[in-house]
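Engineer: Got a structure for you, questions after.
The values are calculated or read from the model by the stated rules, or taken from the named source; none is laboratory data. From a predicted model like this one, the values you see are computed outputs, not experimental measurements. Backbone-built Cβ (ideal geometry, glycine too); neighbour counts: all protein chains shown.
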Amino acid sequence: MTQLESSAAPLDPALEREVAEMIVSALNLEVSPEAIASEAPLFGDEGLGLDSIDILEVALVISKRYGFQLKADSEDNFHIFSSLRSLAQHIATHRTK
Amino acid sequence: MNALPLLPDASSDIIVAVHKGRLITRAEFLGEALALAAQLPAHTPVLNLCADRYHFAIGLFACIARGTLSLLPNALTREIIAGLHRQHPALHCLSDQGDNPFDLPMIIVQAQGAQVPPCLEAPLIPAEQLVAQVFTSGSTGTPQAHAKRWGSLTINCIAEAQRLWEGAGGPCTVVGTVPFQHMYGLESTVLMPLLGGGVLCAQRPFYPGDIAETLAELLEPRMLVTTPVHLRTLLDAELPVPPLALVLSATAPLADALAERAERELGAPLHEIYGATETGQLASRRTCSREPWRTLGTIRLRQADGVTLASGGHIEVESPLNDIVELVDAHNFRLVGRNSDMINIGGKRSSLAFLNHILTSLPGVRDGVFCLPDPDSEKARLAAFVVAPQLATEDILQALRSHIDAVFLPRPIIFVDSLPRNSTGKITQDALQTLITTHLRNAQH
């Protein structure tokens, strides 16, 4: 059940910042939320470098705060974590609160 | 010659796996495995890169039927694969993804369903046949291979199945959140269901929502194979989870409180498996019972010269346990202390000695040491103290990534002027603890 990245949601810099703060606080990261660039990868070898356990933690906070569950068809399918922007857009599309 | 069938004797139409909503019979699974076996090279090992657990299982059983050795590396880094390729120049890979990240001769694994003839009779496989080499990181930087023979694996997984079906009230459909290329996932989510009369589920659900959804699609009784970290996020998500017959956890210590919460909220007994890549699975317990660990099947333990040795059951040569245990009798024990060198994060295992070796070998790193500041927390993550005046955190992370799995990357990295090594060059546990207390206690949750 792959959720394709939605192009419908407009860019929302305020939501991007909110999500950056949520990630930093959920994972106790040592970077400031402002240092997370909108286009830089969140997951994998570049950018923020989150791994699968981080993604689980972030997914949990997303589900509580925005009222929907993330879905993936495999552990390697983290497209929505390709950048802060794509994550914020995914949240904007699927949020129920 | 002692031989055991590729699948246990049973009616040809029993269900052995579920793949993308399709129920796979014993005859169909054997047909798939034997059709693939005919395409495999005979005398060169194979790297099974399949991402789907059913494809992985077809690949593994095809290799076993063909007499081809399966290599299961501890991590899929370029360095490790290059090392295996050097050792086995004719190395092939099995893939279900179509991409070929390591440029090896590739054989595509796809479920063919009705296109392959079903097979009614399982071939007999010699018990001493070497079927897999499972790698651990080793302490020197060179991955260490652990040979797994057909007879031993089969006996071990049947003993595990007997114990867990007893706890669950009967054979189950087994859903796992853990990687099946590592020992725990290989044994408990692939071999145990296939060899022990259960049903293998191809999906590897990741998010809590995926776990709940995958379970809901399956027939009862269901077993969930997971780790403390996956279990905690599942409970924290507070989703409705379909009835479970049993939850299995392994790889890291499970806190009593989490075990009790899991049993209460999921309404199923929670069991833990104790084992190691070297020895296979040795014992289990229902965590909430507070009873000692009980060895599987006919495995016996004894102590000599401060070491605990396991024999019997599937164990070919009496082998030492990594951990410090207190024996109640030859079949029951309490775990006193885990071996402090071996760490396990999210189902992936490594050795601190190996990680330290990699860290201190990086250009620009004068000295460094990894540590696990909160070993008993299911949120446990590694930290590292590093002496590297010219480097930034990002440089070190970047350099480590090509050598180690991402779950072992240190967080945080703390730069220090020097490390408190004693006269023999060692950093004692006390000295390390002082470092942790000084630098980490305030910053950590």
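Engineer: Residues to consider are B:L224, B:L248, B:L231, B:L200; find the one that is under 19 Å from B:L282 (Cα atoms), buried (at least 22 other Cβ atoms within 10 Å of the Cβ) and touching a residue at least 12 places away in the same chain (Cβ under 8 Å).
Structural biologist: B:L248
Engineer: So A:I80 fits all but one of (1) crowded, with 20+ Cβ neighbours inside 10 Å; (2) at pLDDT below 90; (3) more than 10 Å from the chain's Cα centre (by Cα); what number is the exception?
Structural biologist: Exception for A:I80: condition (3).
Engineer: What number of residues within segment B:317-327 are assigned to a strand (DSSP E or B) and of a type in the set (V, I, T)?
Structural biologist: The number of residues fulfilling the criteria is 2.
Engineer: Moving on. With respect to B:A431, determine if the residue is crowded, with 18+ Cβ neighbours inside 10 Å, touching a Pro at 6+ places or on another chain (Cβ under 9 Å) and either part of a strand (DSSP E or B) or not assigned by TED's automatic domain parsing to the domain that holds B:G275 (or both).
Structural biologist: no
Engineer: In addition: Just for segment B:60-84: of the residues that are within 27 Å of B:S402 (Cα to Cα) and either among the acidic types (D, E) or in contact with an Asp or Glu (Cβ under 9 Å, 6 or more places away or on another chain) (or both), which one is surrounded by the most Cβ atoms within 10 Å (Cβ to Cβ)?
Structural biologist: Among those that are within 27 Å of B:S402 (Cα to Cα) and either among the acidic types (D, E) or in contact with an Asp or Glu (Cβ under 9 Å, 6 or more places away or on another chain) (or both), it is B:N74.
Engineer: Could you check, for segment B:363-370, whether at least one of its residues is over 23 Å from B:L321 (Cα atoms), touching a Ser or Thr at 6+ places or on another chain (Cβ under 9 Å), free of Cβ contacts under 8 Å to residues at least 24 places away in the same chain and charged (D, E, K, R)?
Structural biologist: yes
Engineer: Which of (1) farther than 23 Å from B:T154 by Cβ; (2) in contact (Cβ under 8 Å) with a residue 12 or more places away in the chain does B:Q281 not meet, given it meets every other one?
Structural biologist: So B:Q281 meets the others, but not (1).
Engineer: So for segment B:64-78 (the condition being hydrophobic (A, V, I, L, M, F, W, C), under 25 Å from B:M183 (Cβ atoms), part of a helix (DSSP H, G or I) and free of Cβ contacts under 8 Å to residues at least 40 places away in the same chain), does at least one residue qualify?
Structural biologist: Checking segment B:64-78: not a single residue is hydrophobic (A, V, I, L, M, F, W, C), under 25 Å from B:M183 (Cβ atoms), part of a helix (DSSP H, G or I) and free of Cβ contacts under 8 Å to residues at least 40 places away in the same chain.
Engineer: Do we find a residue being crowded, with 19+ Cβ neighbours inside 10 Å, in contact with a His (Cβ under 8 Å, 6 or more places away or on another chain) and within 20 Å of B:H146 (Cα to Cα) anywhere in segment B:33-45?
Structural biologist: Looking for residues that are crowded, with 19+ Cβ neighbours inside 10 Å, in contact with a His (Cβ under 8 Å, 6 or more places away or on another chain) and within 20 Å of B:H146 (Cα to Cα), one finds at least one in segment B:33-45, hence yes.
Engineer: Only one of B:Q133, B:Q144, B:Q129 is closer than 27 Å to B:Y184 by Cβ, touching a Ser or Thr at 6+ places or on another chain (Cβ under 6 Å) and polar (S, T, N, Q); which?
Structural biologist: The conditions single out B:Q144.
Engineer: Would you be able to tell me the number of residues in segment B:31-76 that are within 14 Å of another protein chain (Cβ to nearest Cβ) and within 22 Å of B:F135 (Cβ to Cβ)?
Structural biologist: 9
Engineer: Go through B:L362, B:L266 for me and flag whichever is surrounded by 15 or more Cβ atoms within 10 Å (Cβ to Cβ), under 30 Å from B:A384 (Cα atoms) and out of contact with any Phe, Trp or Tyr (no Cβ under 8 Å at 6 or more places or on another chain).
Structural biologist: Result: B:L362 is the single residue among B:L362, B:L266 that is surrounded by 15 or more Cβ atoms within 10 Å (Cβ to Cβ), under 30 Å from B:A384 (Cα atoms) and out of contact with any Phe, Trp or Tyr (no Cβ under 8 Å at 6 or more places or on another chain).
Engineer: Out of the residues in segment B:376-408 that are more than 13 Å from chain A (Cβ to nearest Cβ) and in a loop (DSSP other than H, G, I, E, B), state the one that is nearest to the chain's Cα centre (by Cα).
Structural biologist: B:D376
Engineer: Right, next: May I ask you to list the residues in segment B:344-359 that are crowded, with 23+ Cβ neighbours inside 10 Å and under 19 Å from B:Q390 (Cα atoms)?
Structural biologist: The answer is B:L359, and nothing else.
Engineer: Next question. May I ask you to say which residue of B:P205, B:P193, B:P171 is within 11 Å of chain A (Cβ to nearest Cβ) and either on the phi < 0 side of the Ramachandran plot or touching a residue at least 24 places away in the same chain (Cβ under 8 Å) (or both)?
Structural biologist: B:P205
Engineer: Does A:K64 satisfy being surrounded by fewer than 15 Cβ atoms within 10 Å (Cβ to Cβ) and within 12 Å of chain B (Cβ to nearest Cβ)?
Structural biologist: Judged against the criteria, A:K64 is a match.
Engineer: Among the residues of segment A:49-58, are any at negative phi, touching a residue at least 24 places away in the same chain (Cβ under 8 Å) and surrounded by fewer than 18 Cβ atoms within 10 Å (Cβ to Cβ)?
Structural biologist: No, that holds for no residue.
Engineer: Moving on to the next point. Is segment A:90-97 home to any residue that is in contact with a strand residue (DSSP E or B) (Cβ under 8 Å, 6 or more places away or on another chain) and not in a helix (DSSP H, G or I)?
Structural biologist: no
Engineer: Let me ask something else. How many residues are surrounded by 16 or more Cβ atoms within 10 Å (Cβ to Cβ) and part of a loop (DSSP other than H, G, I, E, B) when one looks only at segment B:331-343?
Structural biologist: 2
Engineer: Of A:A88, A:A35, A:A72, which residue is crowded, with 22+ Cβ neighbours inside 10 Å, out of contact with any Ser or Thr (no Cβ under 6 Å at 6 or more places or on another chain) and within 13 Å of chain B (Cβ to nearest Cβ)?
Structural biologist: The match here is A:A72.
Engineer: Just checking, which of B:R411, B:R441, B:R366 is among the charged types (D, E, K, R), farther than 22 Å from A:G44 by Cα and within 14 Å of chain A (Cβ to nearest Cβ)?
Structural biologist: The unique qualifying residue is B:R441.
Engineer: Restricting attention to segment B:24-34, does a residue exist that is more than 29 Å from B:T173 (Cα to Cα) and either more than 25 Å from the chain's Cα centre (by Cα) or not assigned by TED's automatic domain parsing to the domain that holds B:V174 (or both)?
Structural biologist: Among the residues of segment B:24-34, not one is more than 29 Å from B:T173 (Cα to Cα) and either more than 25 Å from the chain's Cα centre (by Cα) or not assigned by TED's automatic domain parsing to the domain that holds B:V174 (or both), which makes the answer no.
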